[in-house]
Amino acid sequence: MTRGLFSPRAWTLFALLVILCVPSSQAQESSPQAGTSETTFHVSSNLVLVDVMALGSADGHPVGKLTRDDFQVSDNGHRVAIKTFDSGSAARPLVLWFLVQCSMKDWDAQGSGLFRGHIDLFEPALKDLDKQDTVAVAHWCDNGDAAVDLKPTPNLSELTRTLEQVLTLVVDLPSHNRPGELALQKALQHIVDATRESAPEAVPVVIFLYGDYSAMSKSEADHLIDELLRTSAIVFGIRDRQSPQIPSFWTAQGAVAKYIADQTGGQYLIETPETYAEGLKEILQQLHFRYELGFRPKSLDGKRHKLRVTLWGTAKDQNKSLRLRYRTAYVPIG
């Protein structure tokens, strides 16, 4: 009795040829699974991943009920197809980079000194980290020093110890100008470099614990932002309510940390010691309920591209009060 037109061996060879002829990128994109393997493909295939936080206007809580078809993405004003979509636990894990300034004599309220001795107040919020999330620490000083103090680790007790240790460094200087500006730039560059050298799955999240009494030329601040936009970095900040606000400058960008946070899709919060944990919990909740939209850029030109993400179709009509927060641009590189 015949079994068909091909022998079993011929069927095996035919199936093997079909598998070999399917482009690997097509096979990956059509996979219904979401998780680490798909995220690795996103990064290695030059897909731009846009992290979007959808927030209710009334309470600011993240909304986690949207789908791929509810979003529309524009690159420099041109609509692009959303190739990949992840949300919630299916999105990439986080690396929380806590960035602080060395304490300065008679200058605690302007920098990070108000957090000294109170880092343990953040510990209740750190319990909300997912299993794959990690933490890290970096610092800068107004004498020009900057360093990574703790590389990404799941060890939360090491985070508390390292932050307190860094904040015991006291710098006594007559002025707090150019060396400090350059050190802040160096500290952020350390984080960018560490991100590029690490596995691509995790999202670098910089969290300033800093009064942000700072200024910098806008061109230098924008250069820093370009470096961060070459990665998936999102910048947040927590400022103690006792910290004074820096006055406006005509020739420089004031409140540099907040400016960087706004441009990368993050947020700067004003808290008291009693609400430190609540502020960090709010940040983590937004990140863990975020949406990750992936699209392929038309060119890897190394220039800043303006991003726009909007709601689309019935989602737009049904969520008129919803606010979307995401990075304002990206820089495509090979």
Seminar exercise, completed: Heads up, the strands (runs of 3 or more DSSP E) in the stretch 62-111 (entirely inside) with at least 3 residues that are assigned by TED's automatic domain parsing to the domain that holds Val192, among the hydrophobic types (A, V, I, L, M, F, W, C) and under 21 Å from the mean Cα position of the chain (by Cα) are 94-101
Seminar exercise, completed: Residue pairs within 9 Å by beta carbon, gap of at least six or interchain, first lying in the stretch 106-117 and more than 17 Å from Gln245 (Cβ to Cβ), second at pLDDT below 95 and crowded, with 19+ Cβ neighbours inside 10 Å, listed first then second, are Arg116/Ser103; Arg116/Asp108
Problem set entry | Considering residues of the stretch 244-263 that are hydroxyl-bearing (Ser, Thr, Tyr) and touching a strand residue (DSSP E or B) at 6+ places or on another chain (Cβ under 8 Å) only, the residue farthest from Ile119 (Cα to Cα) | Ser248
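Per-residue answers, yes or no, for (1) in contact (Cβ under 8 Å) with a residue 40 or more places away in the chain; (2) on the phi < 0 side of the Ramachandran plot; (3) surrounded by fewer than 18 Cβ atoms within 10 Å (Cβ to Cβ):
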| site | (1), (2), (3) |
| --- | --- |
| Trp97 | yes, yes, no |
| Ile119 | yes, yes, no |
| Leu126 | yes, yes, no |
| Cys141 | yes, yes, no |
| Leu150 | no, yes, no |
| Glu158 | no, yes, yes |
Exercise. In the stretch 121-159, what residues are assigned to a helix (DSSP H, G or I) and among the aliphatic types (A, V, I, L, M)?
Worked result: Leu121, Ala125, Leu126, Leu156, Leu159
Problem set entry | Residue among Asp145, Asp130 that alone is acidic (Asp, Glu), touching a helix residue (DSSP H, G or I) at 6+ places or on another chain (Cβ under 8 Å), assigned by TED's automatic domain parsing to the domain that holds Lys186 and more than 16 Å from Asp172 (Cβ to Cβ) | Asp130
For this session: Determine which member of the set Glu220, Glu164, Glu181, Glu227 is more than 22 Å from Ile260 (Cα to Cα) and either in contact (Cβ under 8 Å) with a residue 24 or more places away in the chain or assigned by TED's automatic domain parsing to the domain that holds Val135 (or both).
Result: Glu164
Exercise. List pairs: first in the stretch 252-281 and farther than 22 Å from His61 by Cα and in contact (Cβ under 8 Å) with a residue 12 or more places away in the chain, second surrounded by fewer than 18 Cβ atoms within 10 Å (Cβ to Cβ) and among the basic types (Lys, Arg), Cβ under 9 Å, 6+ apart or cross-chain?
Worked result: Ala252/Lys218; Gln253/Lys218; Tyr259/Lys218
Seminar exercise, completed: Pairing a residue in the stretch 282-299 that is farther than 13 Å from Ser87 by Cα and touching a residue at least 24 places away in the same chain (Cβ under 8 Å) with any residue that is among the basic types (Lys, Arg) and in a loop (DSSP other than H, G, I, E, B), where Cβ atoms lie under 8 Å and the two sit 6 or more apart in sequence or on different chains, gives Phe295/Lys83; Arg296/Lys83
Exercise. If you scan the stretch 308-327, which residues turn out to be more than 15 Å from Gly56 (Cα to Cα) and either modelled with pLDDT under 95 or of a type in the set (Phe, Trp, Tyr) (or both)?
Worked result: Trp312, Gly313, Thr314
Exercise. Any idea how many residues of the stretch 206-241 are buried (at least 24 other Cβ atoms within 10 Å of the Cβ), of a type in the set (Phe, Trp, Tyr) and more than 12 Å from the chain's Cα centre (by Cα)?
Worked result: 2
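Quick one: would you say Ser87 is among the small types (Gly, Ala, Ser), modelled with pLDDT under 95 and over 22 Å from Gln132 (Cα atoms)?
no
The values are calculated or read from the model by the stated rules, or taken from the named source; none is laboratory data. Note that the structure is a prediction, hence the values are computed from the model and not measured. Virtual Cβ from ideal backbone geometry, glycine too; neighbours counted across all protein chains shown.
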